[in-house]
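Participant: Next up is a structure, given as structure tokens.
Only the coordinates and a few stated rules stand behind these numbers; no lab work does. As the structure is a prediction and not an experimental result, all values here were calculated from the model. Please note: Cβ atoms are built from the backbone with ideal geometry, for glycine as well, and neighbour counts cover all protein chains shown.
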Amino acid sequence: MSDFTIGGNRIMARNFDVRHTIESGQPLTFLADCDWPANKFSYVDNGKKVTFKISRQNGTTTLMMARGAPTSLERAAERFRMNERLDDIYKKINTDRFMKDAISKYKGMRLTKNDPWETTVCFILSQYSNIKRIRQNVRSIVENFGTRTIDGSMRFPTSEELRGTTERQLRALGLGFRAKYIRHAAEYCTNNMDLARLGRKEYNLLKDSLMEIDGVGDKVADCIALMGYGRLEAFPIDVWVKRTMERQYFGGRKKKIDDIHEFAYEQWGKNRGYAQQYIFHSSRDRGSRI
DNA sequence: ACCCAGGCGGGCG
DNA sequence: CGCCCGCATGGG
């Protein structure tokens, strides 16, 4: 069972809210552009710009892609994880009032599938930053060090390509102290680690491997596991998620990261990554706007 | 002006 | 271990 069907140049999808998904701060969405008045959105996939026209009718979102677009509809469905039914996920994580409300408010927000290396760069950039700035940083890296493809879009630079830059060049893009981490990650992921091979590893071992990269700690490793490797067991705990969970589940008491991980495991099991995305989005939505 | 941001590494007790 | 600090910048 899946959440989509394909007919002609259209995808008909259940439980897909494009806007909430695009605004939820994932790697795909950092490289997305939206024209809400025209009901259009586009994103860059493997160096190719994909544009969709959106229409909605009785609970189904229909995406219409221009004919001859440089990617397949199957690929688009894969990137929005439409192969799994969100209602099944909801059933498993809908354990309490707060989650129920978050699901109902942001129904159709989907996790996305992203390239592990891109995801690594994006979330190293995320530390001690904010979504608006992360987006700028990611885009300037692509603009400055990516390669232009046939359709005029920019392809995200590989670790090997980024290894050819200097910390100074990266700093000039406004990455701040994160520049040295990006440089190191490019070096390490080219010479000492094959990100494509980590996909086989069990979740905890995958995380351990990712944390070998300088600048990747517990939280960033979980983000990479979740959005780069599609591991729904990953539960990234950032300041927003921590604060919100302390308030919603621990009576306002301060908790340690490990205790929150433990709670998430007990509460939401192997799908806790999806729960995290709803906590993150809802806490940011009512907090200080970006 | 002031404070904080999808954290992390290192140093100290 | 656990705690605390600096880190570069941009935006509210």
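Participant: Which whole-number percentage describes the relative contact order of chain A, with Cα contacts under 8 Å and a sequence gap of 6 or more?
Facilitator: 18
Participant: If neighbour count is taken as other Cβ atoms inside 10 Å, put A:Cys189, A:Cys34 in order from fewest to most.
Facilitator: Ranking A:Cys189, A:Cys34 by Cβ neighbours within 10 Å, fewest first, gives A:Cys34, A:Cys189.
Participant: In sequence order, what are the phi-derived ³J(HN,Hα) couplings for region A:20-31 according to the Karplus relation 6.51 cos²θ - 1.76 cosθ + 1.60 with θ = phi - 60°, rounded to whole Hz, with x for glycine and proline?
Facilitator: Working through the residues one at a time gives 4, 5, 5, 8, 8, x, 10, x, 4, 7, 5, 10 Hz.
Participant: Return the sequence-ordered ³J(HN,Hα) values of region A:240-257 in whole Hz as given by the Karplus equation 6.51 cos²θ - 1.76 cosθ + 1.60 applied to θ = phi - 60°, using x for Gly and Pro.
Facilitator: 5, 4, 4, 4, 5, 5, 4, 6, 7, 10, 10, x, x, 7, 5, 10, 7, 3
Participant: Determine the principal axes of the Cα atoms in region A:152-290, then give the extent along each, sorted from largest to smallest and rounded to whole angstroms.
Facilitator: 49, 36, 32
Participant: Show that you can apply the helix-only estimate: for chain A, add -39,500 (n - 2.57) for every DSSP H stretch of four or more residues, divide by all residues, and state [θ] at 222 nm to the nearest 500.
Facilitator: Roughly -13000 deg cm²/dmol at 222 nm, from the helical runs in chain A.
Participant: Give the order of A:Phe16, A:Phe52 when sorted by the count of other beta carbons within 10 angstrom, beginning with the fewest.
Facilitator: With the sparsest Cβ surroundings first, the list reads A:Phe52, A:Phe16.
Participant: With +1 on the Cβ of every Lys and Arg and -1 on the Cβ of every Asp and Glu, and nothing else charged, how large is the dipole of region A:216-290 about its Cα centre, in debye rounded to the nearest 20?
Facilitator: 340
Participant: Taking amide H positions as placed 1.01 Å from N in the peptide plane, with prolines and chain starts having none, which residues 5 or more places from A:Lys49, or on another chain, fall under 5 Å of its amide H?
Facilitator: Counting only residues 5 or more places away or on other chains, the set is A:Ser153.
Participant: If you don't mind, another one. For region A:155-198, report the translational diffusion coefficient in µm²/s to the nearest whole number, using Stokes-Einstein at 25 °C, 0.890 mPa s, and a Kirkwood Rh over Cα pairs.
Facilitator: After rounding, the answer is 229 µm²/s.
Participant: Moving to a separate point now. Mind grabbing the base-10 log of I(q)/I(0) for chain A at q = 0.08 Å⁻¹? Debye formula, identical points on the C-alpha positions, no solvent, two decimal places.
Facilitator: Per q value, in the given order, log10 I(q)/I(0) is -0.34.
Participant: Let me ask something else. For every other residue with a beta carbon closer than 12 angstrom to the beta carbon of A:Thr149, add +1 if it is Lys or Arg and -1 if Asp or Glu, then tell me the sum.
Facilitator: +2
Participant: May I ask you to evaluate 6.51 cos²θ - 1.76 cosθ + 1.60, the Karplus curve with θ = phi - 60°, for each residue of region A:156-168 and list the ³J(HN,Hα) values in order in whole Hz, giving x for glycine and proline?
Facilitator: Going residue by residue, I get 4, x, 6, 4, 5, 5, 6, 4, x, 9, 10, 4, 4 Hz, with x marking Gly and Pro.
Participant: Ok, one more. Please compute, for the alpha-carbon atoms of region A:1-143, the extent along each of the three principal axes and give them in descending order in Å.
Facilitator: 43, 39, 29
Participant: Further, regarding this structure: Excluding A:Pro27 itself, what net charge comes from residues whose Cβ is under 9 Å from its Cβ, given Lys and Arg +1 and Asp and Glu -1?
Facilitator: Local net charge: -2.
Participant: How far is the Cα center of region A:90-143 from the Cα center of region A:217-290, in Å?
Facilitator: 11
Participant: Let me ask you something else. If we count every other residue with Cβ under 14 angstrom of A:Arg67's Cβ, Lys/Arg +1 and Asp/Glu -1, where does the sum land?
Facilitator: Here the count lands on +2.
Participant: Which value in Å is the Kirkwood Rh of region A:4-83 over different Cα pairs?
Facilitator: That comes to 12.7 Å for region A:4-83.
Participant: Across bins of 10 angstrom width beginning at 0, how are the C-alpha pair distances of region A:116-216 distributed, in whole percent?
Facilitator: The distribution over region A:116-216 is 15, 48, 30, 6, given as percents.
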